[in-house]
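What follows is a single structure, written as structure tokens, with notes after it.
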Amino acid sequence: MENSEIFIKPIISTPFQENAYITYLQANPNKSASAQPKNKECFVVDPGFEPELIIDYLRSSGLDLAAILVTHGHLDHIAGVSELRKAYPNCKVYIGKLDADKLTDAELNLSSQFGKPITTTPADVMLEHGDNLNIAGIEIEVLHVPGHSRGHVVYLIRSTPTFIVFGGDLIFRGGVGRTDFPDGNHSDLFKSIKSKILTLPPDTIIFTGHGANTTVRNESR
Ligand SMILES: [Zn+2]
């Protein structure tokens, strides 16, 4: 699969400047102006606050939501899960096994700390390291990367010429995720980055949970 076939639309939600990513195969990858879907299906990574922005985009593009892929269960990455599920009852929610309880527990997902407890419906699929998914015609590999959150996963697409990673809050452009949460761990974070991210090809594009995207080459420095 060529990554020019894969269209990724970021939707930034205001409260935490969190990036959700609507992802699908496009019909005419060579016409740069076009983002016509090849088939009707898409998936969304980390739907945060303002899920209506995501729903508006899906409706206006004629897309159906096959899956919600969650990198980790912090409030700003899951706040939109319930609304999307209501709008697309057939979509399935995927999350790392060790973060699944954060969906249904406002203490664990940190939302009660922010004075606005949020819970969602439980996950449909709990992921483990090395799981392979095929969603909306796109093959996705699951990497478990504890450190920011103990069940944090990233989603890797081995496309050509460059791989794509949805990295959540593991790594940012010029920085790394916080580890001062109850289940955060600084040495796990660096171990995860070193062994699972920096071993990917340098051109790999990392779509981060906050801020601009980056590459493995940028972050190796
Ligand atoms: Zn987080």
Practice item. Look at the stretch 44-66 and say how many of its residues are more than 16 Å from the ligand (Cβ to nearest atom) and crowded, with 24+ Cβ neighbours inside 10 Å. Key: 3
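Checking the structure you have, find out if any residue of the stretch 166-174 is among the hydrophobic types (A, V, I, L, M, F, W, C), within 16 Å of the ligand (Cβ to nearest atom) and more than 22 Å from V81 (Cβ to Cβ). Before you say what the answer is, go through the steps one by one.
Quick first cut of the stretch 166-174, residues among the hydrophobic types (A, V, I, L, M, F, W, C) only: 166, 170-172.
Going one step further and asking which of them are within 16 Å of the ligand (Cβ to nearest atom), we end up with 166, 170-172.
Subset that is more than 22 Å from V81 (Cβ to Cβ): 171-172.
Yes; the residues of the stretch 166-174 include at least one that is among the hydrophobic types (A, V, I, L, M, F, W, C), within 16 Å of the ligand (Cβ to nearest atom) and more than 22 Å from V81 (Cβ to Cβ).
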Practice item. Would you check which residues across the stretch 184-207 are in contact with a Pro (Cβ under 8 Å, 6 or more places away or on another chain) and part of a loop (DSSP other than H, G, I, E, B) and list them? Key: N185, D203
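Given the stretch 39-130, what strands (runs of 3 or more DSSP E) lie entirely inside it while holding 1 or more residues that are more than 15 Å from the chain's Cα centre (by Cα) and of a type in the set (D, E)? Full working, then the answer.
Details: elements: 41-45, 64-69, 92-96, 125-127.
Counting at least 1 such residues, we get 41-45, 64-69.
Please go through the stretch 1-38 and pick out each residue that is without any contact (Cβ under 8 Å) to a residue 60 or more places away in the chain and in a strand (DSSP E or B).
The initial filter retains those residues of the stretch 1-38 that are without any contact (Cβ under 8 Å) to a residue 60 or more places away in the chain, namely 4, 7, 9, 11-12, 14, 22, 26-37.
Across the stretch 1-38, the qualifying residues are F7, K9, I11, I12, I22, Q26, P37.
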Check your understanding: Quick check: anything in the stretch 185-196 crowded, with 16+ Cβ neighbours inside 10 Å, within 12 Å of the ligand (Cβ to nearest atom), of a type outside the set (D, E) and more than 13 Å from the chain's Cα centre (by Cα)?
Key -> yes
Exercise for review: Only residues in the stretch 164-192 that are closer than 24 Å to E141 by Cβ and among the aromatic types (F, W, Y) count as the first member; pair them with residues that are in a loop (DSSP other than H, G, I, E, B) and more than 12 Å from the ligand (Cβ to nearest atom), Cβ under 9 angstrom, at least 6 apart or cross-chain, and list the lot.
Suggested key: F172/G211; F172/A212
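Working carefully through the options G147, G151, find the one that is assigned to a loop (DSSP other than H, G, I, E, B) and either in contact with a strand residue (DSSP E or B) (Cβ under 6 Å, 6 or more places away or on another chain) or at pLDDT below 95 (or both).
Numbers: G147 fails: either in contact with a strand residue (DSSP E or B) (Cβ under 6 Å, 6 or more places away or on another chain) or at pLDDT below 95 (or both).
G151 is the lone residue from the list that is assigned to a loop (DSSP other than H, G, I, E, B) and either in contact with a strand residue (DSSP E or B) (Cβ under 6 Å, 6 or more places away or on another chain) or at pLDDT below 95 (or both).
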Check your understanding: Out of the stretch 123-163, which residues are in contact (Cβ under 8 Å) with a residue 12 or more places away in the chain and of a type in the set (D, E, K, R)?
Key -> D124, E128, E139, E141, R150, R158
Practice item. Kindly check whether there is at least one residue in the stretch 76-87 that is touching a Ser or Thr at 6+ places or on another chain (Cβ under 8 Å) and of a type in the set (D, E). Key: yes
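The values are calculated or read from the model by the stated rules, or taken from the named source; none is laboratory data. This is a predicted model, so every value here is computed, not measured. Neighbour counts run over all protein chains shown; Cβ positions are idealised from the backbone, glycine included.
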